[in-house]
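The values are calculated or read from the model by the stated rules, or taken from the named source; none is laboratory data. What you see is a predicted model; the values in this text were computed from it and never measured. Cβ placement follows ideal geometry from the backbone for every residue including glycine, while neighbour counts extend to all protein chains displayed. Quick note on the areas: whole protein, heavy atoms, side chains included, nothing else; ligands and nucleic acids left out. Shrake-Rupley method; radii C 1.70, N 1.55, O 1.52, S 1.80 Å.
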Amino acid sequence: KSCQTGKISTAETAVQSCTSQDAAVQTDQREDAAQGFQQEVQVDYTGLLSFLQRVEDAVIKELNKNWKSHAFDGFEVNWREQNKTVLCLHTLSLPEAQQQKLQVTSVSWNATGAVLACSYGHLDDGEWSTAKSYVCTWNLDRRGLNPQHPDLIVDVPSSVVCLAFHPSQPSLLAGGLFSGELVVWDTSRREDPVVWRTGMTDDTHTDPVYQVSWVPDGRHRSRPQLWSAAPDGKVLAWQEQDGCLALAAGFVLGAPQLPHSAQLRRLAGGEAAVGVTSLSFSPLDPCVLVVGVEGGSPVKCSAAAVRAALQRAGGCASRRAPAELIFAPHAGPVYAVSCSPFHRQNKAHIFFLLSPFPRNLFLSCGTDGQVHLHSLLQTQPLLSLQLSQQYLFCVRWSPVRPLVFAAAAGEGVVHLFDLEKSSQKPAVSMKQAVGQGPVYCLEFNSRQTQLLAAGDATGTVKVWQLSSDFSEQAPRELAQLEQLANELRD
């Protein structure tokens with residue numbers, strides 16, 4: 001491995017003739033030449049049999065030793081070239097949006113991992129609710145990619161706050177608008193890509209939709225429901241019906257469920273509600289979700305809740321109160337939550353059900369600049385990390401590395417954290433935005449695991465190519481996460 005030849009000088013040059021001509025050439029067949037290739041190979045079968053009989057016992061002994069060995073447990077062959085550094089692969093933008101000083105509010109990868117979508121809007125000025133905005137897509141696998149000319153540009157009459165591609169249909173993209181409406185676009189259609197929408201009714205949100213997420217339906221696994229969350233305190237589930245999005249279930253986080261320190265808002269009917277800013281479902285149980293609220297507390301909720309919430313006139317009569325457990329708060333609103341996508345597959349089913357780690361872990365971040373590592377089974381965080389002196393707008397768990405997560409900071413930096421290397425400081429911090437423009441959103445690519453996309457206040461999306469250290473799971477890494485969680489709990 002350490003050998004290196006002397007430096008080889010190379011040069012390239014291109015030669016092109018002015019004219020070209022095709023001609024067919026066929027050599028004459030010679031019988032004596034063909035016979036030279038067809039001579040039968042002579043094999044000493046008696047000697048080969050004698051050799052195999054002599055080594056048979058030794059070979060079987062070594063094969064049995066290898067079969068019983070655990071030396072290569074957890075080892076996977078990786079045929080990809082090893083990347084040792086994190087670098088910016090693409091810088092994507094829409095000049096029209098930048099001229100209007102629109103910000104990138106959300107990014108999402110499609111089911112194939114080849115297409116990246118981003119939405120434009122304004123997160124820091126409520127007067128922009130009626131301003132025109134855009135949804136754009138780029139196919140990064142397409143030859144001749146133009147970073148300033150998206151493959152698709154959709155004009156939207158209201159700011160788009162959040163996006164989520166369908167988990168199995170690569171062209172379906174859901175978005176939440178500043179107006180409170182939800183829209184689903186078919187990105188394969190150039191003309192009129194809108195296929196479903198909620199419209200504006202008593203059942204829809206009355207505040208900007210901060211997050212949308214596709215979640216498997218327990219009865220129809222192939223038809224996931226679209227969930228949405230907004231500061232009006234509602235968490236709603238939608239499904240396609242007769243060409244539009246119809247309400248399938250409704251939940252409200254009200255004042256009686258949360259601590260008195262939570263910041264409450266009043267709905268039109270006088271009902272107190274808690275502003276929901278984010279949501280994340282447990283990958284193990286589609287009925288368990290964590291939501292972040294403006295009061296600073298992550299809240300564990302159940303989609304199977306049956307207790308009715310307080311009602312107001314004109315609202316949905318079937319809204320339920322989902323809150324089950326309130327976690328220790330941040331010192332300001334929670335902007336993002338992310339449940340761990342990892343769990344250990346134990347053979348003993350009972351032990352699997354009782355084992356709390358690492359399948360019950362989630363991350364939260366907020367305006368206090370901290371990331372909290374939580375267990376769903378206790379109120380106090382296992383770990384609190386001060387990553388920024390400004391806001392943290394987004395945190396996401398890596399889809400392939402159980403010990404890695406990323407956070408988007410108000411200083412215009414994307415932090416990559418590797419708990420295997422340090423539980424106190426980021427392993428890498430990438431400068432995303434020019435000056436002090438904040439990074440508002442980021443998403444890992446679950447298909448092309450070396451890619452991470454992040455959008456910022458300057459209207460720019462950067463696609464980062466992660467090094468192999470961040471994109472390839474090490475042997476027994478799940479066990480390390482479990483051990484870390486148990487140590488922090490103790």
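Obtain the nm distance between the two label points defined at residue 45 and residue 431 by a simple spin-label model: each point lies 7 Å from its Cα along the Cα-to-C-beta direction. Label at residue 45, label at residue 431, 7.5 nm between them.
Stretching residue 476 away from residue 62 to a fully extended chain increases their span by 146.4 nm, per 0.36 nm per residue minus the current alpha-carbon distance. The solvent-accessible area of residue 395, taken with every protein chain present and a 1.4 Å probe, is close to 0 Å².
Of the solvent-accessible surface of region 154-246, computed with a 1.4 Å probe over protein heavy atoms with every protein chain present, carbon and sulfur atoms account for 46 percent.
With R₀ fixed at 25 Å, the C-beta to C-beta distance from residue 11 to residue 448 puts the FRET efficiency at about 0.15. Close amide-amide hydrogen proximity is noted between residue 195 and 184, 185, 186, each under 5 Å apart and 5 or more residues distant or on a separate chain (H modeled in the peptide plane; Pro and chain starts excluded). Annotation: amide H-H contacts under 5 Å for residue 233 (H modelled 1.01 Å from N, sequence separation of 5 or more, or interchain): 276.
Atom-type composition of the exposed protein surface of region 397-490 places 46 percent of the accessible area on carbon and sulfur (1.4 angstrom probe). Measure up 234/431; 101/421; 101/431; 101/234; 421/462; 101/300 against 28 Å on the Cα-Cα distance and list the ones that go over. Over 28 Å apart, Cα to Cα: 234/431; 101/421; 101/234; 101/300.
When 335, 391 are compared by accessible area of protein heavy atoms, the largest-first order is 391, 335, using a 1.4 Å probe. The charge dipole of region 368-490, taken about the Cα centre with unit charges on the Cβ atoms of Lys, Arg (+1) and Asp, Glu (-1), comes to about 220 debye, rounded to the nearest 20.
To the nearest 0.05, what FRET efficiency results for residue 239 and residue 308 with a Förster distance of 22 Å applied to their C-beta separation? Using R0 = 22 Å, I get an efficiency of 0.55. The modelled label-to-label distance between residue 168 and residue 112, using points 7 Å beyond Cα along the C-beta direction, is 1.8 nm. Taking 16 Å as the cut-off, the amide N atoms of region 472-490 that come nearer than this to a point 7 Å along the Cα-to-beta-carbon line of residue 70 belong to 475-480. Using 0.36 nm per residue and subtracting the Cα-Cα separation, the extra length available between residue 421 and residue 246 on full extension is 58.3 nm. Using alpha carbon centroids, what distance separates region 415-490 and region 136-162, in Å? With region 415-490 and region 136-162 each reduced to a Cα centre, they are spaced 24 Å.
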